[in-house]
């Protein structure tokens, strides 16, 4: 299953199943705890009591996102408020959309949507609102949650979104974060106005210490390395890793092997992520009322570099079959 447009009459969307990178019973998986803190507006995922990642949904940030996403040794792999481009949000999904004949709203450049740029404390007139969790589950080796969101433009709802999280303990402090999303045109026809630079689904922004500018390595499934070789190229996965304080660690973003080609945006300063399949990328497209656009990725957080983590083998043998 990749990114698709579907009619509400085609049935229920089936999300990914629980998979891991070891044979069943090969390791004693730890308890994965999923805990909501309404006051802090966070949902935290922990493995055996160690924080792995946190879903942030405070409305003042305008964009629900994941931060931190911790390496096996506990370092933050991503940055929440980077310089340059402080509107980036660690790990996030945004776009430029238009409901019916209304205004085009740029959710990516959220600072454009402040009521008053001189008084940011007054908040945003357009933002992605977290509404609720329809499910939260902790368990042995796996924790899950499903969030319900609404894209708001000038006070009016534009899109409904569901975002599903599944965190799997892989042992040795490694884990897999499976993400799936569905954006639904519940309020009328929606037109997407994506450009090449300002969207990836999802976008990730590496912490500066892991970036290519500080010695980190970008590599894809074709063995191409660095921004120049990987940017705007088709790939099934891209890995970003570096040696920080003597330890080499990183993450891999896997897309489905579903026959739908996807290009990637990659940057040595730390931003990267997959585009939608070519038929929905780089061109305007519409969702009729009741239709949805969906997608999913799997994020492997690993020790070592891509080769040491056997990223290619894990993708080929275990992830999408």
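The values are calculated or read from the model by the stated rules, or taken from the named source; none is laboratory data. What you see is a predicted model; the values in this text were computed from it and never measured. Reconstructed Cβ throughout: ideal geometry from the backbone, glycine too, with neighbour counts over all protein chains shown.
Before moving on, here are some points about what is shown:
- Within segment 97-110, restricting attention to residues that are at pLDDT 85 or above and not in a loop (DSSP other than H, G, I, E, B), the residue that is nearest to residue 283 (Cα to Cα) is 97.
- So residue 230, is it within 18 Å of residue 201 (Cα to Cα), more than 18 Å from the chain's Cα centre (by Cα) and crowded, with 19+ Cβ neighbours inside 10 Å: yes
- Extreme residue, surrounded by the most Cβ atoms within 10 Å (Cβ to Cβ), among residues of segment 279-318 that are free of Cβ contacts under 8 Å to residues at least 40 places away in the same chain and farther than 30 Å from residue 74 by Cβ: 279
- Within segment 132-148, not a single residue is more than 26 Å from residue 302 (Cα to Cα) and touching a helix residue (DSSP H, G or I) at 6+ places or on another chain (Cβ under 6 Å).
- Residue, surrounded by the most Cβ atoms within 10 Å (Cβ to Cβ), within segment 200-227, restricted to residues that are in a helix (DSSP H, G or I) and out of contact with any helix residue (DSSP H, G or I) (no Cβ under 7 Å at 6 or more places or on another chain): 210
- Scope segment 274-297; condition touching a helix residue (DSSP H, G or I) at 6+ places or on another chain (Cβ under 8 Å) and either part of a loop (DSSP other than H, G, I, E, B) or within 19 Å of residue 108 (Cα to Cα) (or both); matching residues: 290, 291, 293
- Residue match in segment 243-257 (condition: more than 25 Å from residue 193 (Cα to Cα), within 20 Å of the chain's Cα centre (by Cα), modelled with pLDDT under 95 and surrounded by fewer than 22 Cβ atoms within 10 Å (Cβ to Cβ)): yes
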